[in-house]
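Novice: Once you've had a glance at the structure underneath, I'll fire off some questions.
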Amino acid sequence: MLKNKKLVFLKIFLFILLIISFLIIGATIRNNILLNKYANQLYTIPLPNNTTQISYNKAVGNLYGTGTHLDFVATIEIQSMLSEIELIDYYSSQIENIRSVDELSIMGLSAVYFPDDHTIQNIEVIPKAQSRFKYGSSKILEKSDNINNSIGADMFVIQIKDTHYDSNLDLRTH
């Protein structure tokens with residue numbers, strides 16, 4: 001009888017452990033799927049004339065600042081004969097193709113700090129020579145006043161970001 005009680009207790013314990021593991025792994029997988037959907041919005045925009053894609057990158061997690069919020073970012077590094085203003089005009093005309101991560105999610109995500117921040121999407125054009133990581137981030141870029149003259153003036157980073165969502169058990173935010 002005691003052996004049966006131990007077996008039942010073990011089964012219940014393993015079942016609870018399986019559910020907790022599923023919730024944690026499920027949140028990570030869901031956020032990876034959302035990141036792919038979000039990034040593909042940028043990656044499927046045709047490049048402007050006289051422009052070549054050099055690389056692309058995407059990331060999800062707590063990418064800058066503090067707390068346990070979730071950030072999504074996607075970038076394309078390009079080399080272009082177009083000026084910064086021409087690239088801004090081109091990508092500004094493509095903004096209607098970019099939806100927030102919340103809009104892409106079937107079940108929706110809850111915003112942590114800035115609930116209205118997700119309704120406005122932006123495509124940033126940053127000259128690579130003036131790019132720097134935001135707030136000590138290793139993924140999100142911003143335009144700096146400093147210019148790195150060793151990087152060509154024809155290099156740019158095109159970036160979309162959607163930040164400050166609730167982590168929903170994604171361990172990359174801790």
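The values are calculated or read from the model by the stated rules, or taken from the named source; none is laboratory data. For clarity, every value in this text was computed on a predicted model and none was experimentally measured. We place every Cβ from the backbone using ideal geometry, glycine too, and count neighbours over all the protein chains shown. Calculation scope for accessible area: heavy atoms of the full protein, side chains included, ligands and nucleic acids excluded. Shrake-Rupley method; radii C 1.70, N 1.55, O 1.52, S 1.80 Å.
Novice: Among the residues of the stretch 36-69, write down those that are out of contact with any helix residue (DSSP H, G or I) (no Cβ under 7 Å at 6 or more places or on another chain), within 22 Å of ARG132 (Cα to Cα) and part of a loop (DSSP other than H, G, I, E, B).
Specialist: LEU63, THR66, GLY67
Table: residues versus (1) open to solvent by 40 Å² or more (accessible area, probe 1.4 Å); (2) within 14 Å of the chain's Cα centre (by Cα).
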position	(1), (2)
ALA129	no, no
SER138	yes, yes
ASP145	yes, no
ASN148	yes, no
MET155	no, no
GLN159	no, yes
ASN168	yes, no
LEU171	yes, no
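Novice: Next up: Identify all residues within the stretch 90-107 that are loosely packed, with under 14 Cβ neighbours inside 10 Å and modelled with pLDDT of 85 or more; write none if there are none.
Specialist: From the stretch 90-107, those loosely packed, with under 14 Cβ neighbours inside 10 Å are 92-93, 95-97, 106-107; that's our starting set.
SER92, SER93, ILE95, GLU96 - these are the residues of the stretch 90-107 that are loosely packed, with under 14 Cβ neighbours inside 10 Å and modelled with pLDDT of 85 or more.
Novice: Being touching a helix residue (DSSP H, G or I) at 6+ places or on another chain (Cβ under 7 Å) and either closer than 27 Å to PHE133 by Cβ or not in a strand (DSSP E or B) (or both) is true for just one of PHE9, PHE72. Which residue is that? Talk me through it step by step, then tell me what you get.
Specialist: Numbers: PHE9 fails: touching a helix residue (DSSP H, G or I) at 6+ places or on another chain (Cβ under 7 Å).
On inspection, the qualifying residue turns out to be PHE72.
Novice: Go over the candidates LEU63, LEU87 one by one and state the one that is touching a Ser or Thr at 6+ places or on another chain (Cβ under 9 Å) and at pLDDT 95 or above.
Specialist: The conditions single out LEU87.
Novice: Tell me, yes or no, whether the stretch 22-32 has at least one residue that is in a strand (DSSP E or B), crowded, with 17+ Cβ neighbours inside 10 Å and touching a residue at least 24 places away in the same chain (Cβ under 8 Å).
Specialist: No, the stretch 22-32 contains no residue that is in a strand (DSSP E or B), crowded, with 17+ Cβ neighbours inside 10 Å and touching a residue at least 24 places away in the same chain (Cβ under 8 Å).
Novice: Among (1) at pLDDT 95 or above; (2) part of a helix (DSSP H, G or I), there is one condition ILE78 misses while meeting the rest; what is its number?
Specialist: Every condition holds for ILE78 apart from (2).
Novice: Turning to a different aspect of this structure: Can you tell me which condition VAL112 does not meet? The list is (1) at pLDDT 95 or above; (2) touching a Gly at 6+ places or on another chain (Cβ under 9 Å), and all the others hold.
Specialist: Result: VAL112 passes all but (1).
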